[in-house]
1. Name the residues in segment 42-58 that are touching a helix residue (DSSP H, G or I) at 6+ places or on another chain (Cβ under 7 Å) and open to solvent by 10 Å² or more (accessible area, probe 1.4 Å), would you?
2. From the residues in segment 167-198 that are in a loop (DSSP other than H, G, I, E, B) and at pLDDT 95 or above, which one is nearest to Asp218 (Cα to Cα)?
3. Go through (1) free of Cβ contacts under 8 Å to residues at least 40 places away in the same chain; (2) within 16 Å of the ligand (Cβ to nearest atom) one by one and return the number of the condition Asn121 breaks.
4. Across segment 147-199, what is the number of residues that are farther than 16 Å from Pro213 by Cβ, small (Gly, Ala, Ser) and surrounded by fewer than 18 Cβ atoms within 10 Å (Cβ to Cβ)?
5. Taking strands (runs of 3 or more DSSP E) that do not extend beyond segment 386-465, which have at least 1 residues that are away from the ligand (no atom under 16 Å from the Cβ) and under 23 Å from Ala13 (Cα atoms)?
6. Given the structure, is Phe93 within 16 Å of the ligand (Cβ to nearest atom), modelled with pLDDT of 95 or more, of a type in the set (Phe, Trp, Tyr) and in contact with a Phe, Trp or Tyr (Cβ under 9 Å, 6 or more places away or on another chain)?
7. Looking at segment 120-138 only, could you name the residues that are at pLDDT 95 or above, part of a loop (DSSP other than H, G, I, E, B) and not β-branched (Val, Ile, Thr)?
8. In segment 429-462, which residues are buried (at least 19 other Cβ atoms within 10 Å of the Cβ) and among the polar types (S, T, N, Q)?
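The values are calculated or read from the model by the stated rules, or taken from the named source; none is laboratory data. This is a predicted model, so every value here is computed, not measured. Backbone-built Cβ (ideal geometry, glycine too); neighbour counts: all protein chains shown. Just so you know, the surface numbers come from the protein's heavy atoms only, side chains and all, with ligands and any DNA or RNA stripped out. Shrake-Rupley method; radii C 1.70, N 1.55, O 1.52, S 1.80 Å.
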Amino acid sequence: MTVQSPGFRSLQAERHDYRPAVEGTVPDWLSGTLVRNGPGRFEAGDQRVNHWFDGLAMLRRYSFENGTVRYSNRFLRTEAYDDAMAGELTGQFATDTRSGWQRLRDVVRSLGPPAPTDNANVHVARIDGRYVALTEAPRRVAFDPETLETRGEFSFDDDLTEHITAAHLVDDPHRDELVGFTTQFGRTHQYHIYRVPTGSDERERIASLDARPAYVHDCSVTEDHVVLVEPPLVLSVVRALSPLSQGPVDMLDWRPEEPTRVLVVDRETGELVSEQTVDAAFTFHHVNAYLDDGEVVLDLVEFPDGDIVGAMSMDALDGEGFPDVPDGRLVRYRIDPSADTVERSQLYDGGIELPRVPRDRVGRRHRYAYGQVTDRAGANGLVKVDCETGTAREWWEQSVYVEEPLPVQRPGGDAEDDGVVLAPALDAEKDRTTLLVFDAATLDVLARAPLPHAEPFGFHGRFFPEV
Ligand code: CO
């Protein structure tokens, strides 16, 4: 049997309101709940999923009150979950155990491509007062943020067409709205960029742009713009609609001879105010964007090519030790819409992924970017990059794998880095995950809250102060 690293091993147990014995001190002011999403189980019957992105959605909840921590984890009860419990893996990123013949039969029966998966394992958001788990298939699942119980499917009250969607929604506190996009296949393919005002379940279209179409995972906003970066990792629509397709991984085609497009849209008028190209590069995650004297500054994590997607297949991840995947680089694009230019520079030498800025910096000038350090042997650290000076502060411990770090500012604090950074971290030797609370200024560890088990690595989360 293949050796599985603890971060990619299925977790069976669900815990509710576990109270870890906290070492150190959680600041009294920290009040609210971090909810994270990610794959938690990787098998159905005796079959293992093909890709990390295909594990069954498991929510994790880390709640803070008066210096104490409570922890819960629970699988989303979805159709994909029921199928997996019945021994079938269905309709995901790279995994479908139905035979080609079965899939063909299902397509003929339904006179259309297979239904998209509801395995919403990528991210979470608060939409119209509901808490929703998100993935890139256009199905969303509501949950109770206190109990993590599944609360049925969430649907927007609009008719925006989407064949693929973004699990990342930009949460802009300055405008009280979420910004996201969908991809529509057709005679011409399009990205539809939209906003969802707080308190609404209706997406308002900001703009529709011609799409290659490519695999676009994230976007960012400035005060006045939405920025999309379209790498030449092209989606083959013909292969997508083929009943023999195993999911989106099957239809991705890296075209290094084609450039990456950088698209800047006016947030009010929907006008495409800048369309620049840079040499081919792939990106999952934007850090943030802001306006600087008429120029758009965009920080993101860039990979040299699309190999990173294949590098996260279970074939590549399973085995002795921890997998060696390509490293992302923290890069800044400075876009001048009036001069039609874009400059690209690197902000940090090390490997980095899962970047975040504090919520109140979204769409505004940020100085610090927090991220996971990915280029250490036998560890994933935490880094705080000073994007002004190009210096960085790092934290890491041997055999400890830090997940997406989330900065939370102290209410009433003035400095950008006055607050904490929250991150679960798996100690592979101890075979246990600990929630770490860092000082956001120094990266000193303020508190460690050991969880009752090793958590499979998750993707993304949000801090909800109201929960
Ligand atoms: Co992501």
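1. If the condition is that a residue be touching a helix residue (DSSP H, G or I) at 6+ places or on another chain (Cβ under 7 Å) and open to solvent by 10 Å² or more (accessible area, probe 1.4 Å), then Arg48, Asn50, Trp52 are the ones that fit.
2. Per the stated criteria, the residue is His168.
3. Looking at each condition in turn, Asn121 falls short on (1).
4. Final tally of qualifying residues: 3.
5. Output list reads 400-402, 419-427, 432-439, 445-450.
6. Details: within 16 Å of the ligand (Cβ to nearest atom): yes; modelled with pLDDT of 95 or more: no; of a type in the set (Phe, Trp, Tyr): yes; in contact with a Phe, Trp or Tyr (Cβ under 9 Å, 6 or more places away or on another chain): yes.
When the stated conditions are applied, Phe93 does not pass them.
7. Listed by number, the residues that qualify are Ala120, Asn121, Asp128, Gly129.
8. Correct list: Thr433, Thr434.
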